[in-house]
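*Asks:* Sharing a structure, written as structure tokens. Questions coming.
The values are calculated or read from the model by the stated rules, or taken from the named source; none is laboratory data. Quantities reported herein were computed from a predicted structural model and do not represent experimental measurements. No Cβ is skipped: glycine too gets one built from the backbone with ideal geometry, and neighbour counts run over all protein chains shown.
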Amino acid sequence: MSDLIDTLVGIAPGSPLDALRAKRPVARSDAQATYDGLVTAPADLVRASAAERAAIGYWVAALSRAEGLAGHYRALLDAIDPSLREAIDASLPGALTTGPYGSYPEGPLSVEDEDGLRWTTPADLRAVVGDRIAAALEHAHLLTYRPRDASPDALQTLLDAGWSTDGVVTVSQLVAFTHFQLRVIAGLTVLKEAI
């Protein structure tokens, strides 16, 4: 059984890496089922439209400099709304940074606190994408580069921009799942080169 991760890593059926992934069939099938449910075949587009879903996946993968995964989501978004993709591309250079940044609650981990870019949607991007997507992109940027600063206020920003409570969950799931995908792809790519 092959999935999107196999495709993006370039895992050939019958290869040693395919055999390795076959030892965890539930992990493989669940990753694909989650992708299908969150991105390609959402049962409820009221929570987030297909364009919003593709935009969030593309944004997270591009912020993470995961070229293969970003290319996949970019193609999905291009097929749905090329002007949205173009607007995101124009704002991407100003959003890229390193990290992670943010502050831990006061305690022993506070020594790792580091300030960094606090990205907000530029006015020209907001004019194209609207408040909902702008808030989702800001939230995805926060979770990508400043996860320590995630807070109830950050979720409230999504609600204030017009996301429903279920929509906020969907946005957060999309961000988390895209991060999961890029980490699995990175790990399998290293294994592919090693075996």
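*Asks:* If you take the residues of the stretch 23-60 that are small (Gly, Ala, Ser) and more than 18 Å from Ala79 (Cα to Cα), which of them is surrounded by the fewest Cβ atoms within 10 Å (Cβ to Cβ)?
*Replies:* Restricting to residues being small (Gly, Ala, Ser) and more than 18 Å from Ala79 (Cα to Cα), the top hit is Ala43.
For (1) within 25 Å of Asp81 (Cβ to Cβ); (2) buried (at least 19 other Cβ atoms within 10 Å of the Cβ); (3) among the β-branched types (Val, Ile, Thr); (4) modelled with pLDDT of 95 or more, each residue gets a yes or a no:
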{"site": "Thr120", "(1), (2), (3), (4)": "yes, no, yes, yes"}
{"site": "His139", "(1), (2), (3), (4)": "yes, yes, no, yes"}
{"site": "Ala176", "(1), (2), (3), (4)": "yes, no, no, yes"}
{"site": "Lys192", "(1), (2), (3), (4)": "no, no, no, no"}
{"site": "Ile195", "(1), (2), (3), (4)": "no, no, yes, no"}
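*Asks:* Somewhere in the stretch 99-116, is a residue hydroxyl-bearing (Ser, Thr, Tyr), closer than 26 Å to Arg28 by Cα and out of contact with any Ser or Thr (no Cβ under 7 Å at 6 or more places or on another chain)? So that I can check it myself, show each step before the final result.
*Replies:* At the first step, the residues of the stretch 99-116 found to be hydroxyl-bearing (Ser, Thr, Tyr) are 101, 103-104, 110.
Subsequent filtering for residues that are closer than 26 Å to Arg28 by Cα retains none.
No, every residue in the stretch 99-116 fails to be hydroxyl-bearing (Ser, Thr, Tyr), closer than 26 Å to Arg28 by Cα and out of contact with any Ser or Thr (no Cβ under 7 Å at 6 or more places or on another chain).
*Asks:* Follow-up. Here's a check for you: in the stretch 142-165, which residue that is touching a helix residue (DSSP H, G or I) at 6+ places or on another chain (Cβ under 7 Å) and part of a loop (DSSP other than H, G, I, E, B) is surrounded by the most Cβ atoms within 10 Å (Cβ to Cβ)?
*Replies:* Per the criteria, the residue is Trp163.
*Asks:* Quick one: Ala48 ticks every box in (1) of a type in the set (Gly, Ala, Ser); (2) touching a residue at least 60 places away in the same chain (Cβ under 8 Å); (3) assigned to a helix (DSSP H, G or I) bar one, so which box is it?
*Replies:* The number of the failed condition is (3).
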